[in-house]
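Reading through the structure tokens given below for one structure.
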Amino acid sequence: MKRAYEYDFELITGAIPVVLKEEEQTWEAAFETDEKNWEYVKLLWGSNVPGSFAPERVLLAGIQSMYNMGYDVIEAEKLIPEALKARDEEDKITLTRITARVFNLLNNAKPIKGHPYWEYSCYDSFEKYEKNVKFHDYGNKAQEIISNEKDFFDRTYAGWLEQIVGAGGGTAIEGYTSERIKTAFGQINDYVRKPSTYNDDITYEVAFLEALKKNGYSVSSSDIAEEWVALIPSGWSAEDIALKNIMLGIYPPESGYRSNPFIEWIGAQMRGAVCGMVAPANPRLAAQLAFKDGVVSHHNNGVIGEMFNAMMCSMAYAETDMKTIVEKAICMVPKDSEYYSVVKFAIDTCIETGSYEQAWKICENHFKEYNWIHAYPNAAAEVVALYFCENDFDRCINLISMAGQDVDCNAAQIMTLFGIAYGMECIADRWKKPIGDDMMSYVRGYEKTTITEITNLVVDSVKALYKN
């Protein structure tokens, strides 16, 4: 094997000196790099969501998120006015310095004594999680589902289509409150604009499928992480930091929590459905796969969010009642986790009020200290919508849309349940026709693909794995 120094020695000894003309020198490239870096720093302190144009300040929200997790962020909060002023004034030097300082303060933030976050257990391994729950067992149901190849394909295809429908509809309205959505659009019962299949949720699900295809159910978090950097050109918030960490050789689980204030945001929760699709009627396996995927970019409750959605999608192959699915999924969340307190609060509120409007109003107010991209208010929205949807696709997509928050992520995940449980019959043409079968994405190698191709990737992988 040739050593590294030998490659380098050959390069240097073979190099012939040349004299560049002034216009051939490349110093100006530094200015181009600087401009790209500056645009990124500005985005951290003020941007608009690509699909809905909702305003966001992601690093400010990261400070908020660290407080939610029980850390003292006072010193970072003191820098917010100066940072916003520097951004408004295009003060590159000041804002870049402050940004680095904020990340440093967050990385070294101290726990707040007595903060309620520390009353709950931390689930940093699947083994610990499994010891504290009892997974619902469907026996040989999985084998029965997979052996009926056409039915498995049809239900999985419907799941993907309805996930894309939910994402396409929700992308246009994410990042706004219930009241603002109602004022602007009235009741959401159709697309507010022509939908697109571009969506970051599906991006990470495709990368997961590639890792699964190559490694089977023994797929590791590191396998998934390498598919991320191979296939995904860019990310946002938690995923952006994870991608940068992985490229620096920082692999899971450290890639998920190192210098990452967004570890309990929705980024893992938004991609749980695929783990349920590849583990039909097997919520334990779905949860295990979701844990492996989740720790690439998230930690603790952020990962539990992905497991929660994965278990619901898995159960949809064996159950048809949405209220039952969500109730059983809540029972498979450890009772000493903060995530359990969130979903339990949501379903208890549903039971106590008996009204979607009242239940969501209470939940929306209860979780107002959490950013709209955090896992918690979105998990509550899922629970409330599923509880009151009466197993009706149109009603469910209306309810989850009217809840606001990170609508595309929530709608994509829970509408998948309808496709899996009921197939294509449950969805009206007004939702299906604008999507068709074509799927555009920014995943390398999948820039232009089809829902059929993605479905085959799931079905073929699962069939092969169950044969082995």
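Values for this structure:
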item: Leading residue by the ranking (surrounded by the fewest Cβ atoms within 10 Å (Cβ to Cβ)) among those in region 95-153 that are within 30 Å of Leu60 (Cα to Cα) and among the aromatic types (Phe, Trp, Tyr); result: Trp118
item: Cross-chain or 6+ apart pairs with Cβ under 6 Å, region 255-270 first and open to solvent by 10 Å² or more (accessible area, probe 1.4 Å), then assigned to a loop (DSSP other than H, G, I, E, B); result: Tyr257/Ile263; Tyr257/His299; Arg258/Ile250; Ile263/His298; Ile263/His299
item: Complete set of residues in region 8-65 that are among the small types (Gly, Ala, Ser), outside any helix (DSSP H, G or I) and closer than 30 Å to Trp265 by Cα; result: Gly46, Ser47, Gly51, Ser52, Ala54
item: Checklist (1) closer than 30 Å to Lys194 by Cα; (2) buried (at least 17 other Cβ atoms within 10 Å of the Cβ) applied to Tyr40, failing item; result: (2)
item: Filter result for Asp223 (among the charged types (D, E, K, R), assigned to a helix (DSSP H, G or I) and open to solvent by 10 Å² or more (accessible area, probe 1.4 Å)); result: yes
item: Total residues in region 49-77, condition open to solvent by 60 Å² or more (accessible area, probe 1.4 Å) and farther than 21 Å from Lys368 by Cα; result: 2
item: Residue selected from region 414-438 under the condition assigned to a loop (DSSP other than H, G, I, E, B) and not acidic (Asp, Glu), by the criterion surrounded by the fewest Cβ atoms within 10 Å (Cβ to Cβ); result: Lys433
item: Within region 368-408, considering residues that are assigned to a loop (DSSP other than H, G, I, E, B) and among the acidic types (Asp, Glu), the one most open to solvent (accessible area, probe 1.4 Å); result: Glu390
item: Unmet requirement for Ser441, which otherwise passes all of (1) of a type outside the set (D, E, K, R); (2) surrounded by fewer than 22 Cβ atoms within 10 Å (Cβ to Cβ); (3) modelled with pLDDT of 95 or more; result: (3)
item: Selection status of Glu130, in contact with a Lys or Arg (Cβ under 8 Å, 6 or more places away or on another chain) and touching a residue at least 12 places away in the same chain (Cβ under 8 Å); result: yes
item: For Ser47: the one exception among (1) closer than 30 Å to Arg193 by Cα; (2) touching a residue at least 12 places away in the same chain (Cβ under 8 Å); result: (2)
item: Members of region 377-393 found to be of a type outside the set (D, E, K, R) and without any contact (Cβ under 8 Å) to a residue 40 or more places away in the chain, listed by number; result: Pro377, Ala380, Ala381, Val384, Ala385, Phe388
item: From Ala242, Ala230, Ala238, residue being in contact (Cβ under 8 Å) with a residue 40 or more places away in the chain, more than 18 Å from the chain's Cα centre (by Cα) and either surrounded by fewer than 23 Cβ atoms within 10 Å (Cβ to Cβ) or over 21 Å from Thr449 (Cβ atoms) (or both); result: Ala230
item: Those residues of region 271-286 which are assigned to a loop (DSSP other than H, G, I, E, B) and either open to solvent by 10 Å² or more (accessible area, probe 1.4 Å) or of a type outside the set (A, V, I, L, M, F, W, C) (or both), in sequence order; result: Gly272, Pro280, Asn282
item: Count of residues meeting criterion [open to solvent by 10 Å² or more (accessible area, probe 1.4 Å) and under 17 Å from Glu179 (Cβ atoms)] in region 337-359; result: 4
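The values are calculated or read from the model by the stated rules, or taken from the named source; none is laboratory data. Treat the numbers as computed from the prediction; the structure is a model and nothing was measured. No Cβ is skipped: glycine too gets one built from the backbone with ideal geometry, and neighbour counts run over all protein chains shown. Quick note on the areas: whole protein, heavy atoms, side chains included, nothing else; ligands and nucleic acids left out. Shrake-Rupley method; radii C 1.70, N 1.55, O 1.52, S 1.80 Å.
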